[in-house]
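Here the structure is laid out as structure tokens; the discussion comes afterwards.
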Amino acid sequence: MSTRIILFLHRAEEALLAFLLAAMVLVTFTQVVARYVFNSGAIWALELTTFLFAWMVILGISYGIRVHSHIGVDALVKLFPPAGQRTFGLLAVSAGITYAGLLLYGSWDHVVGIVYEYEIETQDLDIPLWIPQSVLIIGFALMLWRMLVMGFRILTGRDVGLTLGDEGRDAMAAYGDHDDPVAEDLRHHDDIIAEKKLGDDK
């Protein structure tokens, strides 16, 4: 039951990020058309786009931690045995927890202690400013939670260290997989480049 709930929350997070991206693109596109075709536009569009982008980026931090898409320099760490990698992983997680905790504390103090307390409103959307800025609290709370989960996984031996994104390894794995359509696209792309280069040499 708990697995289904977690899976549902993960899908909901992905759907929210996709919605934010789509909404930002849609608002920007409609404003470009309105400005250059109809010589008009909405005053609040820029502010809304800014808030949508901020939500997507800040929520994307914790999402990147969950799917291990953040890229780090771990060439030196990988030279150590598993025990050493686990130690460095715990140090990195501790730094991340401290960082997320400080940001969460500062966000709460800013949003609740200042923006909400003094009833500050947005400039163009005419809504309370704490509504769009609440993503600071939500995003950094999620970041803190996922850093704690990562630390728990290292302590329990499920992970050797930080699981970071490795674009080179992923590309090589995809390129070598003959059953993967993405790998086939990569090989096809290389064939096109090779043919073009051969034609240029002639």
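Stretched out fully, how many nm does the piece from LEU26 to THR156 gain, at 0.36 nm a residue minus the Cα gap?
Values: separation 130, 0.36 × 130 = 46.80 nm, distance 4.46 nm.
Value of the extension gain: 42.3 nm.
Shape descriptor for the stretch 4-47: Rg over Rh equals 1.28 (Cα atoms; Rh from the Kirkwood inverse mean 1/r).
Amide H contacts under 5 Å for GLU121: LEU129, restricted to partners 5 or more places along the chain or on a different chain, H placed in the peptide plane at 1.01 Å from N. For the stretch 2-165, the pair-distance distribution built from all alpha carbon pairs, in bins 5 Å wide starting at 0, is 1, 8, 12, 16, 15, 14, 11, 9, 6, 4, 2, 1, 0 percent. If the segment from VAL112 to LEU46 were pulled out straight at 0.36 nm per residue, it would be longer than the present Cα-Cα gap by 21.3 nm.
Taken over the stretch 48-109, the alpha-carbon convex hull comes to 99 cubic angstrom per residue. At full extension, LEU102 and PHE38 could sit 18.4 nm farther apart than now, given 0.36 nm per residue minus the alpha carbon distance. The GluC sites (Glu not before Pro) found in the stretch 96-135 that occupy coil by DSSP, while having at most 10 further C-beta atoms within 10 Å, are GLU117, GLU119. Other residues whose C-beta falls under 10 angstrom from the C-beta of ASP159 contribute a net charge of +3, scoring Lys and Arg +1 and Asp and Glu -1.
Throughout, read-outs are computed from the coordinates displayed, never taken from laboratory work. As the structure is a prediction and not an experimental result, all values here were calculated from the model. Every residue, glycine among them, receives a Cβ derived from its backbone with ideal geometry; neighbour counts consider all protein chains shown.
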